[in-house]
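> Have a look at this one.
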Amino acid sequence: MARKDFHDLLAFRAIAMERSFTRAAARLGVSTSALSHALRGLEERIGIRLLNRTTRSVVPTEAGERLLTTVSALFDGVEAELASLAELRDRPAGNIRITTSAHAAKTILEPALLPLLAAYPDLKVELSAEAGFVDIVAERFDAGVRLGETIAQDMVAVPIGPDMRMAAAASPDYFKRRPPPMTPHDLSDHNCINLRFPTYGGLYAWEFEKDGRALNVRVNGQLTVNDTALALQGAMDGLGIAYVTDDQVLPLIQEGRLVRVLDDWCPPFPGYHLYYPSRRQHLSGFAAVIEALRYRSESLGQSIAGC
């Protein structure tokens with residue numbers, strides 16, 4: 001349907017429902033002459049009179065009544081859908097897809113989203129746990145969750161968790177067989193549990209820093225995994241040193257199941273961020289998810305520009 005047909009049908013519907021050119025013109029915010037011109041053009045194109053017009057009244061013909069029924073159903077459906085979309089803007093609803101790491105999903109997303117989903121039953125969130133990065137635009141995700149320093153600069157990034165640290169740790173039995181490393185270079189003499197992430201194109205290089213000096217170390221070992229939970233289990237089983245975030249290690253250290261090393265080589269770094277492509281207007285469901293996840297530490301908010 002051409003744009004002209006659409007406008008002419010809208011004009012016809014208003015006139016037929018109001019039974020008046022004057023009232024229809026006021027309803028649509030146009031002149032009566034514009035309405036008359038639109039109706040005349042519509043009747044000429046289809047070759048049928050749609051309205052009988054006198055000085056006192058405007059009445060649809062039989063063809064006009066038939067067309068009015070059809071057109072009204074169509075326009076009523078469109079108006080109802082627009083009203084429904086407006087409701088989505090006012091109350092959290094709809095489907096939100098987020099790609100994330102399993103660790104972020106377990107420690108941050110699920111605890112924060114649980115009360116939100118309980119409060120708004122029309123809101124649905126899909127979490128897709130991935131070991132590597134995902135093109136959120138190509139894969140049709142609404143947002144992604146990754147560490148702050150790994151997010152592309154053209155993305156909008158919102159902090160959703162505190163600063164983090166890495167931790168190198170192994171079991172007490174392992175260190176009975178070998179002396180603990182004192183510097184990252186000493187890791188060459190140890191059995192280390194490697195992590196393989198698809199987007200790195202190979203094994204993850206362990207990142208250390210001390211006194212402003214950054215050091216990336218390629219480690220060797222008998223075990224390679226693609227999940228930090230497996231790395232931790234391997235460390236607890238005495239297979240070698242694992243390198244994971246310290247929140248995963250600390251409880252096991254307190255229980256005496258792991259021993260931490262190289263602590264002074266592991267400074268804090270920006271934690272998890274929710275990121276998405278632009279600052280365009282979002283439906284209220286997505287806005288509610290952002291607010292539920294947003295990390296509200298003043299110190300962190302001041303330290304991360306542009307978030």
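> Those residues that are over 15 Å from Gly285 (Cα atoms) and among the aromatic types (Phe, Trp, Tyr), I need them from the stretch 103-150; list them, please.
Correct list: Phe133 only.
> Using the structure shown, decide if Leu74 is within 18 Å of Phe286 (Cβ to Cβ) and either assigned to a helix (DSSP H, G or I) or more than 17 Å from the chain's Cα centre (by Cα) (or both).
No: the conditions fail for Leu74.
> Can you tell me which residue is most open to solvent (accessible area, probe 1.4 Å) among those in the stretch 197-239 that are closer than 23 Å to Phe175 by Cβ and of a type in the set (Val, Ile, Thr)?
Selected residue: Thr224.
> Residue under question is Thr107, and the condition is that it be part of a helix (DSSP H, G or I) and either closer than 22 Å to Ala24 by Cβ or polar (S, T, N, Q) (or both); does it hold?
Yes, satisfied.
> Name every residue in the stretch 165-186 that is polar (S, T, N, Q) and touching a helix residue (DSSP H, G or I) at 6+ places or on another chain (Cβ under 7 Å), in order of residue number.
Passing the criteria: only Ser171.
> Right, next: Suppose the filter is at pLDDT below 95 and not basic (Lys, Arg); does Asp227 pass it?
On the way: at pLDDT below 95: yes; not basic (Lys, Arg): yes.
Yes: the conditions hold for Asp227.
> Sticking with this one: Output the number of residues of the stretch 38-64 satisfying the condition of being closer than 17 Å to Leu28 by Cβ and touching a Lys or Arg at 6+ places or on another chain (Cβ under 7 Å).
1
> Within the stretch 18-53, can you find the residues that are surrounded by 15 or more Cβ atoms within 10 Å (Cβ to Cβ) and either within 12 Å of Gly64 (Cα to Cα) or hydroxyl-bearing (Ser, Thr, Tyr) (or both)?
Matches in the stretch 18-53: Ser20, Thr32, Ser36, Leu39, Leu42, Glu43, Leu50, Leu51.
> Select, from Glu139, Glu149, Glu130, Glu79, the only residue that is more than 13 Å from Tyr275 (Cα to Cα) and surrounded by fewer than 12 Cβ atoms within 10 Å (Cβ to Cβ).
Going through Glu139, Glu149, Glu130, Glu79 in turn, the sole match is Glu79.
> Tell me whether the stretch 54-68 contains one or more residues that are within 30 Å of Leu283 (Cα to Cα), free of Cβ contacts under 8 Å to residues at least 24 places away in the same chain, aliphatic (A, V, I, L, M) and not in a loop (DSSP other than H, G, I, E, B).
no
> Please enumerate the residues belonging to the stretch 246-264 that are surrounded by fewer than 17 Cβ atoms within 10 Å (Cβ to Cβ) and either more than 13 Å from Ala235 (Cα to Cα) or of a type in the set (Asp, Glu) (or both).
Scanning the stretch 246-264 gives Asp247, Leu250, Pro251, Gln254, Glu255, Asp263, Asp264.
> Could you please tell me which pairs satisfy a Cβ distance under 6 Å, a separation of 6+ or placement on different chains, a first residue in the stretch 171-189 that is in contact (Cβ under 8 Å) with a residue 12 or more places away in the chain, and a second residue that is exposed (fewer than 15 other Cβ atoms within 10 Å of the Cβ)?
These pairs meet every condition: Pro184/Leu215.
> Something else about it: Give Gly161, Gly221 a once-over and let me know the one that is in a loop (DSSP other than H, G, I, E, B), free of Cβ contacts under 8 Å to residues at least 60 places away in the same chain, in contact with a Leu (Cβ under 9 Å, 6 or more places away or on another chain) and small (Gly, Ala, Ser). Full working, then the answer.
Values: Gly161 fails: free of Cβ contacts under 8 Å to residues at least 60 places away in the same chain.
Just one listed residue meets the conditions, Gly221.
The values are calculated or read from the model by the stated rules, or taken from the named source; none is laboratory data. This is a predicted model, so every value here is computed, not measured. Reconstructed Cβ throughout: ideal geometry from the backbone, glycine too, with neighbour counts over all protein chains shown. Ligands, DNA and RNA are stripped out before the accessible areas are found, and what is left, the full protein with its side chains, is counted by its heavy atoms. Shrake-Rupley method; radii C 1.70, N 1.55, O 1.52, S 1.80 Å.
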